[in-house]
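Remarks on the structure that follows.
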Amino acid sequence: MSDKKTKSLGTPQTPGDDLELPESSDGDLEEFAEALAVSLRPREIDARRHEAILARALGGSEADAEEAEAQPDERRRADILRELLDPSRRTGTSSADASLEHRLAGLAHALRMAYAPHEIDQLTSERLLRPALKLASQRSSRRYVAATGVVLAIAAAVLLFFVRPNTPNGGSQQAYLPKLPMIGARSTMDLFDPAEPFPRSGGTTSRIDKIEASRSAELRDNLFASWGVE
Amino acid sequence: MPMRSARFAPVVVALAAILSACRAESTGEHQPPPLASSVVNPVMHAFLSKARAAHHRADIAEKDHDLKTAIVVLREVTEGSRPPLTPEVREVLADTHARIAELRAKDGDFDGAKREVSLGLDLATEPSSFRGHLFEVEGVIEQELMADLDKRGDSTGAAAAKERAKTAFDQAISTQEETIYRAIGTAGPIGSGAPP
């Protein structure tokens, strides 16, 4: 537009006014008027036209904006990055010196997860959480379990050796303390009718029989009680 | 290393259990539980079983008219080892003394019979059918002694025995009365009031 001729816009010129306006055709005027109108009231621009504007601004037309051929090193690094971002497409091209790609992949992965997070598997979760929460590793857990087992075993051994059980087979004196109420020693008169005195002679054996039978049953109850059996 | 130690844990426990068992065995701890003497316990029960067997054995001897053997067998109860004197042990001993007294009286040993009664009364000190029975046996012994003395012409001795028999029977009656009163709260025949 700079090489176009200028001319007066048809407005009355005042004396001494040397303002020169570009000479233009009717089409140019329309275009210019439209530019003014758009600047006053901007509206949606056509996508194709937008691309064309950008291409001109970047130094070329849309048609001749072809990308330069990628160099071999750029291709290799692109492959590494692709593999890192999608391990299922692994081709074995990644190398040890791909630290930059690793960092880029990590960043890309983080961005992807931030934008669209998905379910995390348990192993990865544990791998991420363990250092953060300072959880013991599986190996140290095994050590802890083993150490606890040994300590418990020693404690059980000491307990078995010094504390005697309270069963009749090997019970200690202290362990014989009854835990449940027991039947106490008492007169045997409740086994006989007080209104019916003993016969003047005889009957002693049958009385002793009755007493022994009664106390035998009560002894059984007391033994069960001493063993904690109701 | 820790895993190896954990593998030895069951071995340690097993060794401790074996040691504990050996220790219990060596110290003779495999005994019946020594229940308190204030409750029904194995020692008391052993004594009662012994008394029961002795009385059955005495029955056989008595049927065979072997009074001396019956007395000897029953003395195993009264003079043998005995547990702490709980009420039931006292009562069984007292009843056994009463039976020995009857046997000795039948055998003509009245003094010995009365000593047995005395020993029985020392054990059955509380009013009960056992104490009342001992007084009753004492009265019977005095009756038999009275008859024996009377037969021998000892009227004075017979009279004294008669008085002792009356006293013994009176004591038997009052003891049984008090036993009934304590058991069922009845104060005897109407108008008799509280027991003596």
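Determine, for each peptide in A:208-214, B:158-164, B:131-137, the mean count of other beta carbons within 10 angstrom over its residues, then list the peptides with the highest first.
Going by the mean number of other Cβ atoms within 10 Å, highest first, we get B:131-137, A:208-214, B:158-164.
Over segment B:41-184, what is the relative contact order in whole percent, taking alpha-carbon pairs under 8 Å and six or more residues apart?
18 percent
With each pseudo-label sitting 7 Å past Cα toward Cβ, what's the A:VAL151-B:HIS56 distance in nm, one decimal?
Taking the simple label geometry, A:VAL151 and B:HIS56 are separated by 6.1 nm.
Which entries in the list B:LYS63/B:LYS151; B:LYS50/B:LYS114; B:LYS106/B:LYS151; B:LYS68/B:LYS166; B:LYS68/B:LYS151 go over 21 Å, if you measure between the two C-alpha atoms of each?
B:LYS63/B:LYS151; B:LYS50/B:LYS114; B:LYS68/B:LYS166; B:LYS68/B:LYS151
Give me a comma-separated list of calculated 3J(HN,Hα) values for segment B:91-101, in order, Karplus coefficients 6.51, -1.76, 1.60 applied at θ = phi - 60°, integers in Hz, x for any Gly or Pro.
5, 5, 4, 4, 5, 5, 4, 4, 5, 4, 4
Pop the C-beta distance of B:ASP154 and B:SER81 into the FRET formula with R0 = 51 Å and round what comes out to the nearest 0.05.
0.80
Along segment A:190-196, what does the Karplus equation 6.51 cos²θ - 1.76 cosθ + 1.60 (θ = phi - 60°) give for ³J(HN,Hα), rounded to whole Hz, x for Gly and Pro?
The phi angles translate into 5, 8, 10, 7, x, 7, 10 Hz.
Along its principal axes, what span do the Cα atoms of segment B:41-184 show, with the longest given first and each in whole Å?
53, 40, 21
Full-extension gain between A:ALA55 and A:ASP26, please, as 0.36 nm times their residue separation minus the C-alpha to C-alpha distance.
Between A:ALA55 and A:ASP26, full extension yields an extra 7.7 nm.
Residues with amide H under 5 Å of A:GLY184's amide H, sequence separation 5 or more or different chain, H placed in the peptide plane at 1.01 Å from N; which?
B:VAL40
Every read-out reported here was derived from the displayed coordinates using simple, explicitly stated rules and does not represent laboratory data. Owing to the predicted nature of the structure, the values given are computational and were not obtained by experimental measurement. Heads up, the Cβs are rebuilt from the backbone with ideal geometry, glycines too, and the neighbour counts pull from every protein chain shown.
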